[in-house]
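Everything on this sheet refers to the single structure shown next.
The values are calculated or read from the model by the stated rules, or taken from the named source; none is laboratory data. Just so you know, these numbers come straight off a predicted model, no measurement behind them. Ideal geometry is used to build each Cβ from the backbone, glycine not excepted, and the neighbour counts take in all protein chains shown.
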Ligand SMILES: *Cc1c(COP(=O)(O)O)cnc(C)c1O
């Protein structure tokens, strides 16, 4: 008989804990609000360009252009590069819907490519088969905080004269061969959705690039197509990053590396504690340093494991339960079940365990124990 692991009232492990993160920043945020209230510089204020400069430098790129979301950052980048109606853009079948939507919103067609079964990011070996004369760009997604196989992707892009736009919405600070995400392709899009590794107090995003012409186009596009006040060169949008968010993000950016280091400690602890169970733990390529936006494990008995953990007060997530090609919004792609076998397998098997910088190491142990208990009970039956 296996003795059930002991529970006490403290044994409730949320999936993320933004309140814990915010608590560390409350005084700074109040101060930012007070000072901005005085200046009332709410739209494209000085703090926006300061944060853009800091973030570009952090990534090792020349320019950054703040936007109102990660989706906008992706969409405006495609538009600024001239991608639109009649064009095709390759991206991962295994991603959050926003990557595909950004392509669709420009009028171009997303052409999905299956995932590498080990790293879960786009499989570069499958890219060439999907390239047509209409293909203009590739959007690799640094899923869960692990950079995609950029070297092979960039090689294919160069062969076919394609743009590479990183979807780095889950990978603030991650490194690929010592270079940060954001500086690996022609441009990169980041999201500051509150639960991302760098999160605003609402929606926000940014494009990072070292291409000066592209940066200038993006500044114009996000702000009504204005080159100067009331002179509208193109039919632009209102997709600006708020000054308030920029100021908060600039303050939080100083702590990003420390927060990512805590995530890495938790990931290493999970890896160690889960060894020997039947769970497939994340595979990290030798030349990358992931930032563990999510800690994602895999098992054929995912739904039962999830229920087992839930009963023990442990919240988990599924990223993502339905791949893009099987979403009702994308029935137009005409890709039935079976089109992307790796992405479909992942959708059935992946489970995201609690992961955030403020996670208590004791909670990591508690989660790992509960997982081990699940597999032992399974063996007994
Ligand atoms: C969060 C996310 C986005 C979209 O960012 P928003 O700020 O929510 O628009 C795009 N791609 C990926 C992979 C994401 O995780």
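In this structure, is residue 321 outside any helix (DSSP H, G or I) and either surrounded by 15 or more Cβ atoms within 10 Å (Cβ to Cβ) or more than 16 Å from the ligand (Cβ to nearest atom) (or both)? When the stated conditions are applied, residue 321 does not pass them.
Among the residues of the range 198-234, which ones are away from the ligand (no atom under 16 Å from the Cβ), touching a residue at least 12 places away in the same chain (Cβ under 8 Å) and part of a strand (DSSP E or B)? Answer for the range 198-234, where residues must be away from the ligand (no atom under 16 Å from the Cβ), touching a residue at least 12 places away in the same chain (Cβ under 8 Å) and part of a strand (DSSP E or B): 209, 223.
Residue 49 meets all of the listed conditions (1) within 20 Å of the chain's Cα centre (by Cα); (2) without any contact (Cβ under 8 Å) to a residue 12 or more places away in the chain but one, namely (1).
For the structure I just gave you, tell me whether residue 283 is part of a loop (DSSP other than H, G, I, E, B), away from the ligand (no atom under 16 Å from the Cβ) and surrounded by fewer than 16 Cβ atoms within 10 Å (Cβ to Cβ). Against the criterion (part of a loop (DSSP other than H, G, I, E, B), away from the ligand (no atom under 16 Å from the Cβ) and surrounded by fewer than 16 Cβ atoms within 10 Å (Cβ to Cβ)), residue 283 qualifies. Would it be correct to say that residue 184 is buried (at least 24 other Cβ atoms within 10 Å of the Cβ) and more than 14 Å from the ligand (Cβ to nearest atom)? It is true that residue 184 is buried (at least 24 other Cβ atoms within 10 Å of the Cβ) and more than 14 Å from the ligand (Cβ to nearest atom). Only residues that are surrounded by fewer than 24 Cβ atoms within 10 Å (Cβ to Cβ) and either within 15 Å of the ligand (Cβ to nearest atom) or under 18 Å from residue 146 (Cα atoms) (or both) were counted across the range 82-97, and they come to 2.
Residues are listed down the side, and each one gets a yes or a no for (1) more than 27 Å from residue 243 (Cβ to Cβ); (2) within 16 Å of the ligand (Cβ to nearest atom); (3) at pLDDT 95 or above:
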| residue | (1), (2), (3) |
| --- | --- |
| 115 | yes, yes, yes |
| 136 | yes, no, yes |
| 167 | no, yes, yes |
| 172 | no, yes, yes |
| 179 | yes, no, yes |
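Going residue by residue through the range 207-230, is there one that turns out to be over 23 Å from residue 62 (Cα atoms) and modelled with pLDDT under 95? Looking through the range 207-230, at least one residue is over 23 Å from residue 62 (Cα atoms) and modelled with pLDDT under 95. If you go through the range 342-359 and keep only what is touching a strand residue (DSSP E or B) at 6+ places or on another chain (Cβ under 7 Å) and crowded, with 21+ Cβ neighbours inside 10 Å, you end up with 343, 346, 350, 351, 353, 354, 355.
Exactly one residue among 105, 142 is crowded, with 19+ Cβ neighbours inside 10 Å, within 24 Å of residue 241 (Cβ to Cβ) and within 16 Å of the ligand (Cβ to nearest atom), and that residue is 142. Which one is surrounded by the most Cβ atoms within 10 Å (Cβ to Cβ), of the residues in the range 58-81 that are near the ligand (Cβ under 9 Å from one of its atoms) and assigned to a loop (DSSP other than H, G, I, E, B)? Here the residue is 69. Going through (1) more than 14 Å from residue 189 (Cα to Cα); (2) away from the ligand (no atom under 16 Å from the Cβ); (3) in a helix (DSSP H, G or I); (4) in contact with a strand residue (DSSP E or B) (Cβ under 7 Å, 6 or more places away or on another chain) one by one, residue 33 falls short only on (4).
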